[in-house]
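Report on the following structure.
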Amino acid sequence: MKDLTQGPISRLLLAMAVPIAIGMLFQTLYFIVDLYFVSRLGDAAIAGVSTAGTVTFVILALTQMLGAGTVALVSHAAGRKDKAQVNRIFNQSVLLSAVCGVLTLVCGFLAGGVYVRWVAADAAAAAAGTAYLYWYTPGLALQFALVALGSALRGTGIVKPTMVVQMLTVVLNTVLAPILISGWLTHHPFGTAGAGLASSIAVAFGVACLWAYFVRLEHYVALQPREWRPHWALIGRILNIGLPAVIYLVIRAFGPAAQAGFGIGGRVMQAFFLPVMAIAFAVTPVAGQNFGAGRFGRVRETFRTAAILSSVLMLLVTLICQWRPEWFIQVFTRSPDVVAVGAPYLRIISWNFVASGLIFTCSGTFQALGNTWPSLLSSASRLLTFVVPVVLLSRQPHFSLVEVWYLSVATVTLQALTSLTLLMRELHRKLGAQPAAAGSAAAHAGAVAPGTDGN
């Protein structure tokens, strides 16, 4: 365990955010590597894999539900130095990951193809997307185990093992992707199915590595089968904390090139978000341990520091996207039709990057406080301000994709303001004025004994 209740907040955030960002970068490279090699198969293949990739977003959102609850509760218990509770929370998270993994397998194999055929632009894109999703479904199911294991470590302040494992899995995926997709060496290409299979094998390897780490090297948090009996109250707390397919459906009338352009642009945007997402992920254990230890002044300082760092980083990325957005699309394809969609998308959507960074930071702080319902409310508000108008706009005779991008900028800005308002209210409710001052006094007094690094 690493004690995050001691030391400068900015240093703690950066020390955790850097390895988290590296790990997330390699995790994102799963899809980018697949997309790079799939792009050699044509626009229909890109569109199909991008469309199927929206299922990945849904699964990742569900894994974050599990991860957010695990990190928050583990960090609170670690801040109180309650090792028994840390292990109980972790093992209940492992149990939940197994249940979610089984449900993902069943739903993926039964309904995945139906979904892809529904949102794909044409039959060729649907076939490519279905083949990819079928073989990637086992990997998506295993993502829950990967998140449960990594989240427990992050809650105790340990992030390097997860980063190393993610790096190894991407290296494996990068080696397997051209072999399975294009038939390098074997001369038996599997097309988009090979992309899904390569990712599933890599994720399985990552789960095996982290599992071995817990069995052989980890001492503070341990796999304890006796704790796998359901503790319903604790499971409820995990889920209570943790509670872009619509766009693909809207733009399918523009054809596979439009879906491909949006798909590539979306992946590039994800890569740009990695640094601020890493900071937001670091906020949760840092603020969470301090909240559990009653050091409320440091909780507020964590949010302020993270918000400033995120805003500066996102402003720099915005300027890059205003300058030459087409460069990022042309890494994957030179198709003029695809670039014509992807480049304007990045240029326009980049105006909401600073607001997105603030939303991520608020979300990480909500998780640290053990209440993500305000974050859910903020996201739900965007469903009303963005999804409903997009569906209505798509039915108009002169509908254009640019209208969707501008609407997204406006609604993300509104969501950021909503998140900030709700967070200020939550900070005042959970921390108040006097506890914050007491927490600051405790910080100067050094009342809490430092723990071991563990990294």
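The values are calculated or read from the model by the stated rules, or taken from the named source; none is laboratory data. Quick caveat: nothing in here was measured; it's all calculated off a predicted structure. Cβ placement follows ideal geometry from the backbone for every residue including glycine, while neighbour counts extend to all protein chains displayed. Please note that ligands, DNA and RNA were not included when accessible areas were found on the heavy atoms of the full protein model with its side chains. Shrake-Rupley method; radii C 1.70, N 1.55, O 1.52, S 1.80 Å.
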Backbone HN-Hα couplings from phi across the range 357-372 [Karplus 6.51/-1.76/1.60, Hz, Gly and Pro as x]: x, 5, 5, 4, 5, 4, 4, x, 6, 4, 4, 4, 7, x, 9, 9
Förster radius 35 Å - calculated FRET efficiency between residue 58 and residue 213, Cβ distance, rounded to 0.05: 0.80
Förster-model FRET efficiency, 51 Å R0, residue 84 and residue 414, C-beta, rounded to 0.05: 0.70
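Given a Förster distance of 35 Å, report the FRET efficiency between residue 430 and residue 14 from their Cβ-Cβ distance, rounded to the nearest 0.05.
On the way: r = 25 Å, r/R0 = 0.72.
Result of the calculation: an efficiency of 0.90.
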Pairwise label distance in nanometres, residue 99 with residue 186, each label 7 Å out on the Cα-Cβ vector: 3.7 nm
Simple label model, 7 Å out from Cα along Cβ direction - residue 323 to residue 109, nm: 5.0 nm
Relative packing of peptides 290-302, 210-222 - highest average C-beta neighbours within 10 Å first: 290-302, 210-222
Three semi-axes of the equivalent ellipsoid, the range 122-180, Cα gyration tensor, whole Å, largest first: 30, 15, 8
Note, ³J(HN,Hα) from phi for the range 94-103, Karplus 6.51, -1.76, 1.60, rounded to Hz, x at Gly and Pro: 4, 4, 4, 5, 5, 5, 5, x, 5, 4
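Hey, got the dipole for the range 1-153? About the Cα centre, +1 on K and R Cβ, -1 on D and E Cβ, debye to the nearest 20? The partial results should precede the final answer.
Working: 8 positive and 5 negative charges, 116 e Å.
My answer is approximately 560 debye.
Taking the solvent-accessible surface of protein heavy atoms with a 1.4 Å probe, what is the per residue accessible area of the range 320-369 in Å²?
38 Å²
Which peptide among 417-427, 357-367, 179-189, 14-24 comes first, and what is the full order, when sorted by highest mean count of other Cβ atoms within 10 Å? Working shown, then result.
Working: 417-427: 17.3, 357-367: 27.3, 179-189: 15.3, 14-24: 21.7.
For the peptides 417-427, 357-367, 179-189, 14-24, the packing ranking is 357-367, 14-24, 417-427, 179-189.
Where the accessible area of the range 304-409 is counted over protein heavy atoms with a 1.4 Å probe, how much of it, in %, is carbon and sulfur? Mind showing how you got there, number by number?
Details: 3510 of 4970 Å².
Answer for the range 304-409: carbon and sulfur cover 71 percent of the accessible area.
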³J(HN,Hα), Karplus 6.51/-1.76/1.60, whole Hz, each residue of the range 275-290, x for Gly, Pro: x, 6, 5, 5, 4, 5, 5, 6, 4, 4, x, 5, 5, x, 5, 5
